[in-house]
Amino acid sequence: MDFTALSETIIKGNMDGAVKETQKALDAGSDPQQILDQGLIAAMDVVGEKFSQGTMFVPQMLRSAKTMQACVALLKPQFQAGTVSSKGKIIMGTVKGDLHDIGKNLVAMMLEGAGFTIVDLGVDVAPEAFVKAVADEAPQILGMSALLSTTMPSMKATIEALKQAGHRDKVKIMIGGAPVTSQFAKEIGADRYAPDAGSAVSEAKGVLAAG
Amino acid sequence: MIIVGEKINTSRKAIAEAVGKKDAAAIQAVARAQADAGAQYIDVNAGTFLEQEKVLLPWLVETVQEAVDAPLCLDSPAPEALKEAMAVHKGRPLINSISLEKDRYDALLPVVAENPCKVVALCMAQAAMPTTADERIAVGAELIEKLTSAGMALEDIFVDPLVQPVSVDVRMGPAVLAAIAGIAERFPGVGTICGLSNISFGLPARRLINRHFLGLALAHGLSAAICDPTDAELMSALAAVNMMLGRDEYCAEFIDAYEKGLFSKHA
């Protein structure tokens, strides 16, 4: 089955059209996992790439993600419990002392759109809370966001806390946020740096591909 | 309208390099260009240098004030860096910023209350960022109350309503504009201030959005803006809006700016 038409509606953020296309695919007997992977996630991959290239903008990305969510809601009852395949689990949060959530939410949304399971710890997340979540959830990736140069040191503190708790080697760490640079990521011993929501997706895929 | 020139900020690569090398001439050139273009305050920010900020911020103050006869906007939430910077500052600086976040408030209150200065009161609450105009006004009101109880004059407080991007939620435009109007109406004498660039995050043609936002904000009562005064199109828009709001007798400033060639050639 060809999912081009479905993908197009997602990329355009045409909610009614996307829901219709999803229903059409289901009625035609397509496998829900295939609809998800080849229709929805494939479309969000395009959205992420275009966003990184600067040919799509935040409102368009939001619209595409909302459109995808409506389609996923339609697919969900078709999956038997536990049969949806997740690309991996990512814990996310804005670091201690920092209340900015817009960037973190955009990244979480795009990662979810790419098929990852997201555990969002919210804003002002203390190092201990990140450590506990890594211990409890056993994610492949921990994503930290900071919008203030004054809260960037909390990223380092979190990495140190993970080391002390003996969990550092169990998870890959990805960081981002307006004042964060790849050089800072190296300095504090983070594994990946993502300058925007689109690159967060490709970095996360890179982590899992590297195994 | 008070213009705070925003360019000396180490989150900009050229500035970080100049500050890292302590290249006074480069910093002074940026300071002069902004003052010549009409900035009344020059913002200085060395936040990306983290621990070195308390050495570099005072260095920036001395370096800029050697070149420009203007007060500075000391852009840091770090009490130590601010104290060092205020100790060498000539005149009354504008401290950017205090907020309702408890740790920040407690750390900064003695700094701003015990030294002669003006202060930006950022509408950021303890637990979350405000979304609606009413939430912003409530945080602003609480800050004004606390700061005046601590002895600050209303005229020395500039409330920053916290600009958030319209790309994420189109209601953010009206919310911040209504907050500016609400603060101005409820607290005569208190100033309002904001940066422009957050409004356009995530969108193309950001300078276009920023300068129209400035015009709208002015019409709603904004008294100060943190922006790039060397942006000719921005400053042209500002002159035109200011005139249309009846604040430019005989349109003299507008015509003067035109005759000085300050407007972009397509204006």
Please identify the pairs in which a residue from the range B:194-211 that is outside the structural domain of B:Val166 (by TED's automatic domain parsing) has its Cβ atom under 9 Å from the Cβ atom of a residue that is small (Gly, Ala, Ser) and surrounded by 21 or more Cβ atoms within 10 Å (Cβ to Cβ), counting only partners at least 6 apart or on another chain. none
State whether the residues of the range B:96-107 include one that is in contact with a helix residue (DSSP H, G or I) (Cβ under 8 Å, 6 or more places away or on another chain), more than 14 Å from chain A (Cβ to nearest Cβ) and not acidic (Asp, Glu). no
Given the residues B:Ala31, B:Ala25, which is the only one that is buried (at least 19 other Cβ atoms within 10 Å of the Cβ) and either part of a helix (DSSP H, G or I) or of a type in the set (A, V, I, L, M) (or both)? B:Ala31
B:Ala175 within 20 Å of B:Asn198 (Cβ to Cβ), part of a helix (DSSP H, G or I) and in contact with a Ser or Thr (Cβ under 6 Å, 6 or more places away or on another chain): yes
Condition check for A:Ile91: part of a helix (DSSP H, G or I) and either among the hydroxyl-bearing types (Ser, Thr, Tyr) or away from chain B (no Cβ under 14 Å) (or both): no
Can you tell me which residue in the range A:98-122 is farthest from the chain's Cα centre (by Cα), limited to those that are more than 22 Å from A:Arg63 (Cα to Cα) and either buried (at least 21 other Cβ atoms within 10 Å of the Cβ) or more than 13 Å from chain B (Cβ to nearest Cβ) (or both)? A:Asp98
Is there any pair with a first residue in the range A:148-173 that is away from every other protein chain (no Cβ under 14 Å) and a second that is acidic (Asp, Glu) whose Cβ atoms are under 7 Å apart and which are 6 or more apart or on different chains, and what are they? A:Ala161/A:Glu128; A:Lys172/A:Asp191; A:Ile173/A:Asp191
Positions within the range A:37-46 being closer than 15 Å to A:Phe79 by Cβ, surrounded by fewer than 23 Cβ atoms within 10 Å (Cβ to Cβ) and not acidic (Asp, Glu), in sequence order: A:Ile41
Among the residues of the range B:76-102 satisfying the criterion of being assigned to a helix (DSSP H, G or I) and small (Gly, Ala, Ser), which is surrounded by the most Cβ atoms within 10 Å (Cβ to Cβ)? B:Ala85
How about the range B:178-203: which of its residues are within 14 Å of another protein chain (Cβ to nearest Cβ) and assigned to a strand (DSSP E or B)? B:Gly195
Any idea how many residues of the range B:56-69 are outside any helix (DSSP H, G or I) and crowded, with 19+ Cβ neighbours inside 10 Å? 1
Scan the range B:103-140 for residues that are over 19 Å from the mean Cα position of the chain (by Cα), farther than 23 Å from A:Asp98 by Cβ and surrounded by fewer than 20 Cβ atoms within 10 Å (Cβ to Cβ) and jot them down. B:Pro110, B:Ala113, B:Glu114, B:Asn115, B:Asp134
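The values are calculated or read from the model by the stated rules, or taken from the named source; none is laboratory data. Nothing here was measured: the structure is a model prediction, and the numbers come from that model. Cβ: placed from backbone, ideal geometry, glycine included. Neighbour counts: every protein chain shown.
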